[in-house]
Amino acid sequence: MILVTGGAGFIGANFVLQWLREVGEPVVNLDKLTYAGNLGNLAEVVDDPRHIFVRGDIADHRLVRELLGQYRPRAVVHFAAESHVDRSIHGPEDFIQTNIVGTFRLLDEVRAYWEGLKGAERDRFRFLHVSTDEVYGSLGPADPAFSETTPYAPNSPYSASKAASDHLVRAYHHTYGLPTLTTNCSNNYGPYQFPEKLIPLMILNGLTGQPLPVYGDGLNVRDWLYVEDHCAAIRRVLEDGRVGETYNIGGECEKTNIDVVKTICAILDELHPSRRPHAALIKYVQDRPGHDRRYAMDTRKIRAELGWAPKETFETGLRKTVDWYIAHRDWVDGVTTGAYRQWIEQNYGNR
Ligand code: NAD
Ligand code: DAU
């Protein structure tokens, strides 16, 4: 049994589905179901007895203690977070609460649980913390990619809160010996991503003929990785990563935002010709405050130590993603019309 937090979100849900498909070990999935959490992401496993869903907050230490005591997981994989940079700029408080206070409470309960384990159970226990490349700050055009030893220099409330959580995880290893692993990954894309993030927003606006808002000059650079490749990397780190270490994960696939948007437009022109040319919808808009210019990841450590490499290229992964959004309009309607929120409140109450 493993305990996953945030397993109804974009990456967490992809992880749970891949885990049940390829590993098969039961999962307890603790998720608060914020606006970003969606049980529709887990429809495939709704009747699967290996998946136990619990709606709740990682900051609720009593609930976390109860779940650890009841299910006795051999590992915790921690995805739960507030994840959107723009939201952190408009309202940082939730980010401080979940990403910092929530991670602290979770860590503290996990430490107590781990300290109570004995022998082989204690030796094999792992706490894997899922984090981001944004903790390293912003690169200039000629700077080398971020490595695991790049000093932290977070620039947004989101990345500052993730950096704080990474430091807490590090401290729990160094101070208490908790067997932690931290992964720092670049931008993910793929199925089930909430349409506030660049790629799904552009796909859906393109499909419905709405403007494609590009921040600033469109020349900010991100490194892109297909979500299933990220999930496979997390599994490799969980299996064989060295305790106390951090691992960078990325696609070594740097793109300017405008290139990403134009590539999506070209795919849409082909798959959805009635609205050609989609690039006519591109609209340059005001820049994000404090917008990091460039991220790039040096992934030599995970590739050399754990033999991980991404399977998808940007071209294959992006095409799969556009196909998925076209084929899943019901999912899109559910997350965009508010129907899904109503369903949650009816079925889970307004916690
Ligand atoms: P997401 O916003 O899609 O999902 C977050 C999930 O966490 C949601 O299901 C939400 O309901 C849940 N959650 C939020 N607060 C909670 C709380 N207090 N208690 C329990 N559950 C809570 O995020 P994502 O894009 O899937 O990211 C998952 C993790 O990966 C985050 O930690 C993020 O920082 C990290 N990450 C994301 C990316 C990316 O490109 N999306 C890249 C690198 C790292
Ligand atoms: O780098 C990893 C991070 O990637 C994760 O830690 C975050 O959780 C995740 O949200 C993502 O952060 P970004 O800020 O890079 O992703 P976002 O999709 O919001 O934006 C990607 C780039 O596109 C960024 O340079 C801002 C730009 N952008 C974004 C939106 C939503 C636009 O130009 N227009 C837009 O409408």
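The values are calculated or read from the model by the stated rules, or taken from the named source; none is laboratory data. Quantities reported herein were computed from a predicted structural model and do not represent experimental measurements. We place every Cβ from the backbone using ideal geometry, glycine too, and count neighbours over all the protein chains shown. In case anyone asks, the SASA skips ligands and DNA or RNA and just uses the protein heavy atoms, side chains included. Shrake-Rupley method; radii C 1.70, N 1.55, O 1.52, S 1.80 Å.
Before moving on, here are some points about what is shown:
- Since only MET202, GLY102, LEU117 are under comparison, the one whose Cα sits farthest along the positive direction of the charge dipole of the chain, derived from C-beta charges on Lys, Arg, Asp and Glu, is LEU117.
- Antiparallel %, DSSP beta bridges [both residues in region 2-348], to 5: 10
- The chain: relative contact order as a whole-number percent, Cα under 8 Å and 6+ apart: 17
- For region 193-319: accessible area per residue (Å², 1.4 Å): 42
- Order of exposure, largest accessible area first, which applies to CYS231, CYS253 with probe 1.4 Å: CYS253, CYS231
- A DSSP coil position with no more than 16 other Cβ atoms inside 10 Å describes the following trypsin sites (Lys or Arg not before Pro) in region 188-273: ARG242.
- Within the chain: Cβ-based charge dipole about Cα centre, in debye rounded to nearest 20 (Lys, Arg +1; Asp, Glu -1): 280
- Given +1 at the Cβ of Lys and Arg, -1 at the Cβ of Asp and Glu and no other charges, the dipole of region 47-120 around its Cα centre is 440 debye to the nearest 20.
- Solvent-accessible surface of protein heavy atoms, probed at 1.4 angstrom with all chains present, puts ASP323, ASP57 in the order ASP323, ASP57, largest first.
- What a 1.4 Å probe finds exposed on the chain is 51% carbon and sulfur by accessible area, rounded to a whole percent.
- Membrane-span-like helices in the chain, defined here as complete DSSP H runs extending at least 24 Å along the helix axis by their C-alpha atoms with mean Kyte-Doolittle hydropathy no lower than -1.0, are 157-176; this is a sequence and geometry rule, not a statement about a membrane.
- Region 1-104: C-alpha gyration tensor shape, a/c 1.5 cut-off, then a/b vs b/c: oblate
- Put simply, when 126-139, 3-16, 144-157 are sorted by average Cβ atoms within 10 angstrom per residue, most first, you get 3-16, 126-139, 144-157.
- Dipole size of region 220-345 about its Cα centre, with +1 on Lys/Arg Cβ and -1 on Asp/Glu Cβ: approximately 300 debye, rounded to the nearest 20.
- Packing order of peptides 300-306, 325-331, highest average first: 300-306, 325-331 (average count of other Cβ atoms within 10 Å over each peptide's residues).
- The chain: calculated mean residue ellipticity at 222 nm from DSSP helix runs of at least 4, using -39500 (n - 2.57): -13000 deg cm²/dmol
- Average projection, convex hull of the Cα set of the chain: 16.9 square nanometres.
- Taking every protein chain into account, the accessible area of region 60-122 amounts to 49 square angstrom per residue (probe 1.4 Å).
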